1. Hey, among Thr53, Thr7, which residue is part of a strand (DSSP E or B), among the hydroxyl-bearing types (Ser, Thr, Tyr) and surrounded by 17 or more Cβ atoms within 10 Å (Cβ to Cβ)?
2. Are any of the residues in the range 134-157 touching a strand residue (DSSP E or B) at 6+ places or on another chain (Cβ under 9 Å), hydrophobic (A, V, I, L, M, F, W, C) and assigned to a loop (DSSP other than H, G, I, E, B)?
3. Taking the range 20-38, which residues are under 12 Å from the mean Cα position of the chain (by Cα) and either more than 20 Å from Thr69 (Cβ to Cβ) or of a type in the set (Ser, Thr, Tyr) (or both)?
4. Quick check on my filter: what residues within the range 11-34 are of a type outside the set (Gly, Ala, Ser), part of a loop (DSSP other than H, G, I, E, B) and surrounded by fewer than 21 Cβ atoms within 10 Å (Cβ to Cβ)?
5. Quick one: which of Gln89, Gln109 is touching a Ser or Thr at 6+ places or on another chain (Cβ under 9 Å) and among the polar types (S, T, N, Q)?
6. Please find, within the range 103-128, the residue that is nearest to Val167 (Cα to Cα) out of those that are surrounded by fewer than 17 Cβ atoms within 10 Å (Cβ to Cβ) and hydrophobic (A, V, I, L, M, F, W, C).
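Computed from the coordinates by the stated procedures, all read-outs in this text should not be read as laboratory data. Keep in mind that what you see is a predicted model, and the values were worked out from it rather than measured. Note that each Cβ is placed from the backbone with ideal geometry, even for glycine, and that neighbours are counted across all protein chains shown.
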Amino acid sequence: MTSSFETLTLGGGCFWCTEAVFVQVSGVVDVESGYSNGQMHQPTYEEVCRGTTGHNEVVKLIYDPSQVTTRELLEVFFLIHDPTTLNRQGNDSGTQYRSGIYYSTQEQQQIATAVVRDITASGIYGRPLVTEILPLDNYWPAEDYHQDFFARNPNQGYCQAVAAPKVAKFRQTFTRLQKVP
C-alpha cells in the first residue's frame with residue numbers, strides 16, 4: 001500500500017527554530033526552510049529581512065498523513081510559537097515573522113480553521129490569535145545555508161537560546177509524535 005504525501009507550509013517566526021522541531025516529527029518526510037506569500041520573485045534572505053517583500057519565513061512540510069495528521073502538525077505548531085503576537089516572535093520583529101498557516105488543500109484549510117476556532121474557544125492564550133490562514137502562494141526555498149541550520153549549528157547562540165527550548169518543549173509534550181532514532 002503506497003501512501004500519498006501532503007504539503008503544509010507554516011510560518012512561526014524564525015525558520016531555523018520551526019525546522020528544528022518539525023524534522024523530529026514522525027511522519028514528516030521533508031522540511032524545507034523558505035519564504036512564502038510575498039510579492040517578489042525569488043527573494044533573498046536579506047530582502048525578506050528588510051520586510052519589504054511581503055514574504056514570511058516558513059517551513060514547508062512534506063508529510064505522510066497516514067503517520068501524522070494535519071491536526072497533529074498544527075498542535076505542534078501552536079505549541080512552539082506565540083500565535084498572539086502580530087509580526088513578532090520573541091526578539092524577532094517584522095512581517096516576515098508573522099504566524100501563518102499556508103495550506104495546499106481545502107481539507108487543510110478546514111482543519112486549520114477548526115484548530116484556530118478550538119484554541120480560541122479554549123481561551124488558553126488569553127489573547128486573540130493573529131495566525132493567518134491562506135493558500136500557499138509565491139513560495140521560494142531559502143538559501144542552502146539556512147537548510148538544517150539547527151542540526152549543523154546546535155551550539156550557535158541563537159540556536160541555544162531560542163531553537164533548543166522549542167525542541168525540548170516539543171519532546172516533552174509530544175513524545176508519541178517523535179521519530180524513533
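1. On the way: Thr53 fails: part of a strand (DSSP E or B).
Thr7 is the lone residue from the list that is part of a strand (DSSP E or B), among the hydroxyl-bearing types (Ser, Thr, Tyr) and surrounded by 17 or more Cβ atoms within 10 Å (Cβ to Cβ).
2. Yes, the conditions are met somewhere in the range 134-157.
3. Scanning the range 20-38 gives Ala20, Glu32, Ser33, Gly34, Tyr35, Ser36.
4. Val23, Gln24 - these are the residues of the range 11-34 that are of a type outside the set (Gly, Ala, Ser), part of a loop (DSSP other than H, G, I, E, B) and surrounded by fewer than 21 Cβ atoms within 10 Å (Cβ to Cβ).
5. Gln89
6. Ile124
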